[in-house]
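Taking it in order: structure first as structure tokens, then the write-up.
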């Protein structure tokens, strides 16, 4: 089995640079709401800050991958046209790429893997990656959204740990990666004071390497959480060896 852990970081377009029609389409629901002026102002602020959550108004600025069997990782990160040499951190190599280049490299490398692991990847990472690929005229090489349930997936397996550990939504509320890390004694990617909410500002401040290193910590935490899942629950889903008593 060849397994790839995957995570992305994204930023939104600048609101002021969006055309008037797009701004009106995005704010129409706010204008029709019955909220107070203060509430509408807060909604507009949240809207502007959330443009990076949609592949239609945002783009990928970092894409981290970790080959579990080879114990090797790479983070492609956008330096906004600034030349940057590869950085070897020991466990990861940080490589400067445009969004289009990182997507082409990802899909080419994806041919070599049969299992892909994400955290919230079915709801966010993979739809974002696929649609941004189409924007650049890039054709995906694997079907990573074929079915939510592992036993019904075709072509490649996509293990979304948030889906698995919430038991396909049976748990009332899905929790973020940080809380799983806290519960299982895994170092949180937020331990150094950086979170996904900071990526847009870091990118605007040209702190590209900081984004890449944060992304690598996300990947490391996801990898360790996958080992917990694979060891104790993987056999039940057919996704791993399981523990001896389950064999």
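The values are calculated or read from the model by the stated rules, or taken from the named source; none is laboratory data. The shown structure was predicted, so the numbers you read here are calculated from the model rather than taken from an experiment. So basically every Cβ, Gly included, is an ideal-geometry build from the backbone, and we count neighbours across all protein chains shown.
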Going by what's in this entry, would residue 139 be described as over 19 Å from residue 3 (Cβ atoms), assigned to a loop (DSSP other than H, G, I, E, B) and touching a strand residue (DSSP E or B) at 6+ places or on another chain (Cβ under 9 Å)?
no
Right, residue 138: more than 17 Å from the chain's Cα centre (by Cα) and either surrounded by 14 or more Cβ atoms within 10 Å (Cβ to Cβ) or within 26 Å of residue 168 (Cβ to Cβ) (or both) or not?
yes
Test each condition in (1) part of a helix (DSSP H, G or I); (2) over 25 Å from residue 208 (Cα atoms) for residue 46 and report the one that comes out false.
(2)
Could you please tell me which pairs satisfy a Cβ distance under 6 Å, a separation of 6+ or placement on different chains, a first residue in region 180-209 that is under 24 Å from residue 82 (Cβ atoms), and a second residue that is assigned to a loop (DSSP other than H, G, I, E, B)?
208/79
Give the residue, chosen from 213, 182, 217, that is modelled with pLDDT of 95 or more, surrounded by fewer than 16 Cβ atoms within 10 Å (Cβ to Cβ) and assigned to a helix (DSSP H, G or I).
182
Which is at pLDDT below 95, in a loop (DSSP other than H, G, I, E, B) and out of contact with any strand residue (DSSP E or B) (no Cβ under 8 Å at 6 or more places or on another chain), of 155, 197?
155
